[in-house]
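Q: Before I ask anything, let me first share the structure, which is written out below as structure tokens.
The values are calculated or read from the model by the stated rules, or taken from the named source; none is laboratory data. This one's a predicted model, so the numbers in the text were calculated from it and none came from an experiment. Here the Cβ positions follow ideal geometry from the backbone for every residue, glycine too, while neighbour counts run over all protein chains shown.
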Amino acid sequence: MNRSQRVLASASVAGLTLLFVLALVISYQFQTAGYYSDQAERSRGILIAVQNLNRGLMKAESGQRGFLLTAKASYLDSYLRGVNTSQGALVEIARQLKDNNIEREQLATLRDLVQAKLYELDETVELEKAHRHSEALAIVQSDLGKNLMDQIQQISGQMLDNERLRLGEHSTAMQAGRLLTGQLFRAGLIGMVVLCTITVVLIWRSLAAQRIAMQALQVNEAKLAEKEHLLQTITDNLPVLISYIDRDEIVRFSNRTYKTWLNRDPAQALGRPLVDVMGPEMYSSRQEHIRNVLAGRLTEFQAVLDLPDGPRHHQVTYLPDTTADGRVAGFFALTMDITAMKRIEAQLEQLARYDTLTGLPNRRHFEERLSESLLQREQRPFALMFLDIDHFKAINDAYGHATGDAALKHFSECVKASVRASDIIARLAGDEFVVLLPGLQKRTDAEIVAQKIIKNTRLGFRMNGKALNLTTSIGIAYARESAVTSDLLFGSADEALYAAKNGDRDTFKVMECNGIDAAQHPSRRRSDARQRNEVGPPSRDSRAPG
């Protein structure tokens, strides 16, 4: 190496060292700016959480007041959303302040006050649900809730002021850091210009090394081709249909799954318009999704495709291919077969809506069907039956839970054999069953069905060679019009069953519903009769009927 080369090399080392130092300083400034940015973001998070806390408490209190005044479920929903918002905001404040020992005591006080306020709101709502309106109103009219809100707003106001002050300090520090970083960056830019000048000279003197570089490039190209082959092999063996479509909607790539699913050579699709590959009908159904992905938006949807082996459910994802300058060059289409998952979802839905012991609809399913029936506003009379097995606890105690389960299944068969195909039967819990009888002509129609159920139940059944006798008591709520509520129907049917249980049993009672307020017919739930001899430890299945 001659003298000029040594000078150039020394200058390059000095320039690189200077740039390295500047890079370290700039990196430190970026870290400092990041710290202040994080602190500012934390302050913003606390400000938002405190504001959400106040809004949530006011929303919960507004919903509570509306529920107490009107007893409407919409106000109860508003109250619950307010409670959830308040609790979520309180958790967010605690998360943001977890490392702040100074404000921890203030946070503990705020948490206690918020919990006390939520308890006061919840207590009044529960009293209103229990129809203890005067007690709930007395709590609302007391000064407890107002004092709690005043204290909460005082503490939250202090926290807002503190965080606004901190946010201002952090913003000032960030501005100063940006100014210094800009100056250092300009200095680094000048150094880079000098270094680039030196590098050009060194590159000019290193032309002899180009031959070695070309050889290395050839090696890299061979490795890249190998990697492309490996990637092609992987994509061809994935259970996912993968395609690439350019911005002009021309198919540029499809993996081998295209042949597995559609029995077509993927090479036949390459270079063809997407509408020709899909067909006009499928293309028309997906045109909006294609427009969305070519606009740069990730698009996901589900579709059913008719494949050679039958219809299959698929999860389709369109992933935009965005270049460095933000332009969408095309998109990847990923299609996954989710038919098996859909079957599992259907099975889970079946389990969630039907009783596993009897196969009847459970409470959730029945209440949905009842609501639909009431919304139809039919002009013909209908009836709701409450049924249970007389002395069911005695059967469980005497013969065991297996016999109790057999009795429940036999009883459900007796009920199904006694009603019409249009009637709706459900098992609520234990030995409690309900039947909805729509489209009746007169009251005696419901009584005839009840007599059939009682008659079929009396036939009994055999279990392990032993004959067991069963009887049932039935309460019927008869409605001449659909302008009644489900609560009134359940309450009336329950009241009628209570009357049947306190009579001779093995019979039915009818109570008419005429739109009177459900409060005039409080549900007794047959507590007296059941305490004597009706319900004890239920069968294994009756504990969770669906």
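Q: Enumerate the pairs (first residue in region 244-264 and in a strand (DSSP E or B); second residue anywhere and of a type in the set (D, E)) with beta-carbon separation below 7 Å, excluding pairs fewer than 6 apart on the same chain, so at least 6 apart or on different chains.
A: Note: pairs meeting the criteria are R252/D246.
Q: Return the total of residues in region 316-349 being at pLDDT 90 or above and of a type in the set (S, T, N, Q).
A: The total comes to 3.
Q: Right, another one. Within region 426-467, take every residue that is surrounded by fewer than 17 Cβ atoms within 10 Å (Cβ to Cβ) and among the polar types (S, T, N, Q) and give me the one that is nearest to T507 (Cα to Cα).
A: Q451
Q: Next question. Condition first: closer than 25 Å to W261 by Cβ and of a type in the set (D, E, K, R). Now tell me which residues in region 328-360 satisfy that.
A: D337, K342, R343, E345
Q: Looking at region 336-413, what helices (runs of 4 or more DSSP H) fall wholly within it and have at least 1 residues that are closer than 20 Å to S492 by Cβ, of a type outside the set (D, E, K, R) and in the same structural domain as E512 (by TED's automatic domain parsing)?
A: Values: elements: 339-353, 363-375, 392-399.
Passing ranges, in order: 363-375.
Q: Looking only at region 17-49, how many residues end up being touching a Leu at 6+ places or on another chain (Cβ under 6 Å) and of a type in the set (D, E, K, R)?
A: So the answer is 0.
Q: Is region 321-328 home to any residue that is in contact with a strand residue (DSSP E or B) (Cβ under 6 Å, 6 or more places away or on another chain) and assigned to a helix (DSSP H, G or I)? Walk me through it before giving the result.
A: Residues of region 321-328 in contact with a strand residue (DSSP E or B) (Cβ under 6 Å, 6 or more places away or on another chain): 321-323, 328.
Now narrow it down to the ones that are assigned to a helix (DSSP H, G or I): none.
No - not one qualifying residue is present in region 321-328.
Q: I would also like to ask the following. In the set K409, K452, K442, which member is without any contact (Cβ under 8 Å) to a residue 60 or more places away in the chain and farther than 13 Å from T472 by Cβ? Spell out how you get there, then give the answer.
A: Working: K452 fails: farther than 13 Å from T472 by Cβ; K442 fails: without any contact (Cβ under 8 Å) to a residue 60 or more places away in the chain.
The conditions single out K409.
Q: Something else now. If I go through region 11-34 residue by residue, how many of them are out of contact with any helix residue (DSSP H, G or I) (no Cβ under 9 Å at 6 or more places or on another chain) and modelled with pLDDT of 75 or more?
A: From region 11-34, those out of contact with any helix residue (DSSP H, G or I) (no Cβ under 9 Å at 6 or more places or on another chain) are 13-14, 17, 20-21, 24, 27-28, 31, 34; that's our starting set.
Cutting the leftovers down to modelled with pLDDT of 75 or more gives us 13, 17, 20-21, 24, 27-28, 31, 34.
Final tally of qualifying residues: 9.
Q: Hey, L305 hits all of (1) at pLDDT 90 or above; (2) touching a His at 6+ places or on another chain (Cβ under 8 Å) but one; which does it fall short on?
A: Unmet condition: (1).
Q: Follow-up question, since we're still on this one. Which fully enclosed helices (runs of 4 or more DSSP H) of region 66-167 have 2 or more residues being under 17 Å from L47 (Cα atoms) and in the same structural domain as G45 (by TED's automatic domain parsing)? Quick ask: steps written out before the conclusion?
A: Working: elements: 73-96, 104-129, 133-141.
Here the list reads 73-96, 104-129.
Q: Look through A346, A340, A329 and report the one residue that is under 28 Å from L238 (Cα atoms), over 26 Å from the mean Cα position of the chain (by Cα) and aliphatic (A, V, I, L, M). Give the derivation first.
A: Numbers: A346 fails: over 26 Å from the mean Cα position of the chain (by Cα); A340 fails: over 26 Å from the mean Cα position of the chain (by Cα).
Answer to the selection: A329.
Q: Give me a count of the residues in region 462-490 that are over 20 Å from G503 (Cα atoms), in contact with a Lys or Arg (Cβ under 9 Å, 6 or more places away or on another chain) and not in a loop (DSSP other than H, G, I, E, B).
A: Number of matching residues: 1.
Q: Check L230, L270 and return the single one that is more than 38 Å from the chain's Cα centre (by Cα), part of a helix (DSSP H, G or I) and either at pLDDT 75 or above or more than 29 Å from A340 (Cα to Cα) (or both).
A: Numbers: L270 fails: part of a helix (DSSP H, G or I).
Of L230, L270, the one residue that is more than 38 Å from the chain's Cα centre (by Cα), part of a helix (DSSP H, G or I) and either at pLDDT 75 or above or more than 29 Å from A340 (Cα to Cα) (or both) is L230.
Residue-by-condition table, conditions (1) modelled with pLDDT under 75; (2) farther than 30 Å from L334 by Cα:
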{"residue": "G182", "(1), (2)": "no, yes"}
{"residue": "I190", "(1), (2)": "no, yes"}
{"residue": "T199", "(1), (2)": "yes, yes"}
{"residue": "S206", "(1), (2)": "yes, yes"}
{"residue": "R211", "(1), (2)": "yes, yes"}
{"residue": "M214", "(1), (2)": "no, yes"}
{"residue": "L241", "(1), (2)": "no, no"}
{"residue": "I250", "(1), (2)": "no, no"}
